[in-house]
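Remarks on the structure that follows.
The values are calculated or read from the model by the stated rules, or taken from the named source; none is laboratory data. Because the structure is predicted, anything quoted here is derived from the model rather than measured. Don't worry about glycine lacking a Cβ; one is built from the backbone with ideal geometry, like all the others, and counts go over all protein chains shown.
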There are 2 protein chains.
Amino acid sequence: MTNPLNKEIDIITSNNSKLKNVDFDNLTFGRTFTDYMFVCDYIDGEWQQPKIMPYQAMTFEPSARVFHYGQAVFEGMKAYKDENDNVILFRPEDNLKRINISAARLAMPEFPKDIFMNGLSTLLKLDKDWIKSGVGNSLYIRPFIIATEPAISASPANSYRFIIICSPAKAYYTGKVRVLFAQKYSRSADGGVGFAKAAGNYAAQFYPTSLAQAKGYQQIIWTDANTHEFLEEAGTMNIFFRINNTLITAPTSDRILDGITRRSIIQLAKDNNINIEVRRVSVIEIKEAAKNGSLKEIFGAGTAAVISPISAFEHADEVFEIPDTENSYASLFKNQLLNIQHNLSDDRHGWRFEVK
Amino acid sequence: MTNPLNKEIDIITSNNSKLKNVDFDNLTFGRTFTDYMFVCDYIDGEWQQPKIMPYQAMTFEPSARVFHYGQAVFEGMKAYKDENDNVILFRPEDNLKRINISAARLAMPEFPKDIFMNGLSTLLKLDKDWIKSGVGNSLYIRPFIIATEPAISASPANSYRFIIICSPAKAYYTGKVRVLFAQKYSRSADGGVGFAKAAGNYAAQFYPTSLAQAKGYQQIIWTDANTHEFLEEAGTMNIFFRINNTLITAPTSDRILDGITRRSIIQLAKDNNINIEVRRVSVIEIKEAAKNGSLKEIFGAGTAAVISPISAFEHADEVFEIPDTENSYASLFKNQLLNIQHNLSDDRHGWRFEVK
């Protein structure tokens, strides 16, 4: 049995970079991939020799369990480049912790921290030229684990593949976002997998979101499946509400993802002496606040989007436009996060990780 | 643009059958695949030229959306061989209807009926020798659709692959099954995708099921996520309860799969003048019936397992053994279904479909 912890990563290099063909001013999110990827297989109860190789298509049996039973988890994270061309990650160990929490809920093996951090750093050094400096530029990093065992019995697989692919990114959303508060469809159940970045959680949102988009809303803010009375998250973002000068966000639960951007904003609010309440937020409360003018902001928070200000919401056929607020918390937090991520400000909480 | 409806299926044959290497007396469910598979890609808004080719591994981009967002649906069906070597399917159009219902909920394109029925029949004729006659033998058929577009934005894919693979099968479960009634974990939410054969529904059950298995229970009977008071389904089976001489099963909903075996049993109960009630079934009702002796049977019903008698259940640390019942409904329905499927009895409802 190989012990990958005692082995260097197998690296297959290529002299044929795709970089010269990429127009960094016109990137569509998630369609362009870097020159390399990291791959590590799990066979017979052990993670095998980790490898880095040119990004390429792979062969899978059509009976691979991921195709049939959705046994797949992922993470989203970003690398940044500062003015001195240092490559910086933001709280990367939190992503590893979370992919392992997700994996455990889907009966998948956890991935070892040492191999993850070493593999990710080695990959980013090879793909370093894909990371552009300048605030707003980043390299989106997608670690994921999929069940590869070629057998269609409905049970946990015996073999898995851990992969990291990378895609250069600009800001995920451009402009403000209009959202629909869910009244019929749901994202997750109590006792379900909503807290995990489980693949199946995302496909389940596509159809309801397409209905919302047909009505002019880019996203849905999901409510609790039992009553649809409480606002939870937006599928790819946690949600914050500002009523007067108090910031409110729903507590995490087995239905709500424990977002790293969310957690960072809660800390930044405290750092800025902004009153922050982590508690249930009802639809009625937000509609009343919108009516009486005390609702100052709604914004989403997530790795891909960073901060997405929300300009309007609809619930029960009532549409509420949210007026612009000067000195918004959304722009405050976005600037502070980007400054930390791009090494332009102090890092008092130790969130930066420099790739060396 | 090709119009596959006007085209014959492209068939690539092989002279090298794997059949001679298969021990049909020692089959593990879902691990052995036949010589051929059916493949049809969806590109640019159209299903393309359908193909049949030797079963083989396929290449996919690591960014294929199925790996990240679980955009995948499937079906389970079986082919049988009668005493005259005719190949018989059981209600195959119901499987097509359901995979298209599942696909629509996951924002995937529906698959055309003509291509499905023609492709499936052609595939089964090529794989005919893999179907063994004799009650209990069958060929398990797995149609599935996966999102292949190589882009990791969280939205419906633009390209898909529809595949049918086949695996020779004996009965899925051997012996009686002990089950746990769910109290903490849930399978699906109101407004979710529980009614669909969505890939992600299955991986979400693996971990709770592994906990149940560690306690000696092979399966979980899921309860409603809101209250855990009502019994719903078993993840790979619908569930029937017999109290005295009345058969009870939960109504289908957006949380519960509309099982074809379930629907057939409801019809067979009527044919046999058995009182059948389709209504909510509470945990309390079943525990009381077990205590006072009126609970005569519990059994699961699904394509893979056909009928699985349940011998015991646990709820809230109370274990109930269900005594054997003479002339059980489980064996009555199983025999009647198998006789219809193997062309040994009348087919008054037109459920058989002979492959010609």
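Odds and ends about this structure:
- The combined condition, being surrounded by 14 or more Cβ atoms within 10 Å (Cβ to Cβ) and free of Cβ contacts under 8 Å to residues at least 24 places away in the same chain, is not fulfilled by B:ASN327.
- Candidate set from the stretch A:6-32 (those that are over 30 Å from A:LYS113 (Cα atoms) and in contact (Cβ under 8 Å) with a residue 60 or more places away in the chain); member that is nearest to the other protein chains (Cβ to nearest Cβ): A:LEU27
- Filtered residues of the stretch B:123-134 (kept if more than 19 Å from the chain's Cα centre (by Cα) and more than 12 Å from B:CYS40 (Cβ to Cβ)): B:LYS125, B:LEU126, B:ASP127, B:LYS128, B:ASP129, B:TRP130, B:LYS132, B:SER133, B:GLY134
Residues checked against (1) over 15 Å from B:PRO251 (Cα atoms); (2) of a type in the set (Ser, Thr, Tyr); (3) over 26 Å from the mean Cα position of the chain (by Cα):
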| site | (1), (2), (3) |
| --- | --- |
| B:LYS270 | yes, no, no |
| B:ASN275 | yes, no, no |
| B:VAL281 | no, no, no |
| B:LYS291 | yes, no, yes |
| B:LEU295 | yes, no, yes |
| B:PHE299 | yes, no, no |
| B:ALA304 | yes, no, no |
| B:SER308 | yes, yes, no |
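- Considering residues of the stretch A:142-153 that are of a type outside the set (Val, Ile, Thr) and surrounded by 21 or more Cβ atoms within 10 Å (Cβ to Cβ) only, the residue nearest to the chain's Cα centre (by Cα): A:ARG142
- The stretch B:254-311 - residue that is of a type in the set (Ser, Thr, Tyr) and part of a strand (DSSP E or B) and, of those, surrounded by the most Cβ atoms within 10 Å (Cβ to Cβ): B:SER308
- Inside the stretch B:160-215, residues that are more than 10 Å from chain A (Cβ to nearest Cβ), touching a Phe, Trp or Tyr at 6+ places or on another chain (Cβ under 6 Å) and more than 19 Å from B:PHE320 (Cβ to Cβ) make up a count of 4.
- Residues that are touching a residue at least 60 places away in the same chain (Cβ under 8 Å) and not in a loop (DSSP other than H, G, I, E, B) were ranked within the stretch B:204-221; the one that is surrounded by the most Cβ atoms within 10 Å (Cβ to Cβ) is B:ILE221.
- Among the candidates B:VAL193, B:VAL177, B:VAL135, residue that is at pLDDT below 95 and surrounded by 20 or more Cβ atoms within 10 Å (Cβ to Cβ): B:VAL177
- Output for the stretch A:33-69, where each listed residue is in a helix (DSSP H, G or I) and facing chain B (nearest Cβ under 7 Å): A:VAL66, A:PHE67, A:HIS68, A:TYR69
- Taken over the stretch B:1-26, the residue count meeting the criterion of being surrounded by 11 or more Cβ atoms within 10 Å (Cβ to Cβ), modelled with pLDDT under 95 and not in a loop (DSSP other than H, G, I, E, B) is 2.
- Every condition in (1) surrounded by fewer than 19 Cβ atoms within 10 Å (Cβ to Cβ); (2) modelled with pLDDT under 95; (3) under 24 Å from the mean Cα position of the chain (by Cα) holds for A:PHE29 except the one numbered (1).
- Candidates A:PHE67, A:PHE90: the one that is out of contact with any Lys or Arg (no Cβ under 6 Å at 6 or more places or on another chain), under 26 Å from A:ALA301 (Cα atoms), buried (at least 22 other Cβ atoms within 10 Å of the Cβ) and modelled with pLDDT of 95 or more is A:PHE90.
- Scanning the stretch B:196-246 for residues that are closer than 27 Å to B:LEU106 by Cβ, in contact with a strand residue (DSSP E or B) (Cβ under 7 Å, 6 or more places away or on another chain) and aromatic (Phe, Trp, Tyr) yields B:TRP222, B:PHE230.
- Lone qualifier among A:SER155, A:SER133, A:SER186 - being part of a loop (DSSP other than H, G, I, E, B) and under 30 Å from B:SER167 (Cα atoms): A:SER155
- Of all residues making up the stretch B:222-248, the number that are among the polar types (S, T, N, Q), more than 11 Å from every other protein chain (Cβ to nearest Cβ) and not in a loop (DSSP other than H, G, I, E, B): 2
- Members of the stretch A:136-152 that are in contact with a helix residue (DSSP H, G or I) (Cβ under 8 Å, 6 or more places away or on another chain), over 30 Å from B:SER167 (Cα atoms) and within 14 Å of chain B (Cβ to nearest Cβ): A:LEU139, A:ILE141, A:ARG142, A:PRO143
- Positions within the stretch B:70-116 being within 14 Å of chain A (Cβ to nearest Cβ), in a loop (DSSP other than H, G, I, E, B) and under 17 Å from the mean Cα position of the chain (by Cα), in sequence order: B:GLU75, B:GLY76
- Criterion (under 30 Å from A:MET117 (Cα atoms) and modelled with pLDDT under 95) met by exactly one of A:ALA171, A:ALA157: A:ALA171
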